[in-house]
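Notes for the one structure printed next.
The values are calculated or read from the model by the stated rules, or taken from the named source; none is laboratory data. These numbers were taken from a predicted model, which means no experiment stands behind them. With ideal geometry, Cβ positions are generated from the backbone for all residues, glycine too; neighbour counts draw on all protein chains shown. Each accessible area value is taken on the protein alone, full model and side chains, heavy atoms only, with ligands, DNA and RNA left out. Shrake-Rupley method; radii C 1.70, N 1.55, O 1.52, S 1.80 Å.
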Amino acid sequence: WQGPVQNGVGSVPGTVAPATTPQGASAVHWTQANAGPNTWIWTDPAGQLPAGQSYQASITLQGTGVVYVDFWNGQQDLTSATVQLSSTPQTLTVQGSVPSAADTHVQIRTADPGPVDLYASAATLQLLSPQQGG
């Protein structure tokens, strides 16, 4: 995980560190005293994703902040629903295709300004299998 950064600003103060969730899952812990809207942390797949395939990104989040998950497919941002975090873990999911070979990113982004103190765990990026006609 890398960041945090903010649209139009670049790197901003905050920390992202390996951690364990209160439930004991391996996670990253993102803390930032006053994040602006569209501040994010991100992780990248090991290599470029093949063009023409569809993927599902999901991340389990808990803590404080108003956030969403964003999958940059190399051409546009594909986003999940926006949620108010709490101590109850919530899994956010977004699906989309990668139209051409490009660097892609899975991001956790703030929707509103304010403090962020969250745990992100169980981050996955899975290839979706095409449906077979019947």
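Of everything in the range 79-110, what is modelled with pLDDT under 95, open to solvent by 30 Å² or more (accessible area, probe 1.4 Å) and not β-branched (Val, Ile, Thr)? Give them in sequence order.
Ala81, Gln95, Ser97, Pro99, Ser100, Ala101, Asp103, His105
Testing Asn73 on (1) in contact with a Gly (Cβ under 6 Å, 6 or more places away or on another chain); (2) more than 26 Å from Leu128 (Cβ to Cβ); (3) of a type in the set (S, T, N, Q); (4) open to solvent by less than 30 Å² (accessible area, probe 1.4 Å), one condition comes back false. Which one is that?
(2)
Might you let me know whether the range 40-49 holds any residue that is open to solvent by 50 Å² or more (accessible area, probe 1.4 Å), over 14 Å from the mean Cα position of the chain (by Cα) and touching a residue at least 12 places away in the same chain (Cβ under 8 Å)?
Yes, some residue in the range 40-49 is open to solvent by 50 Å² or more (accessible area, probe 1.4 Å), over 14 Å from the mean Cα position of the chain (by Cα) and touching a residue at least 12 places away in the same chain (Cβ under 8 Å).
Considering only residues that are open to solvent by 80 Å² or more (accessible area, probe 1.4 Å), assigned to a loop (DSSP other than H, G, I, E, B) and touching a residue at least 24 places away in the same chain (Cβ under 8 Å), which ones fall in the range 8-39?
The answer is Val9, Pro22, Gln23.
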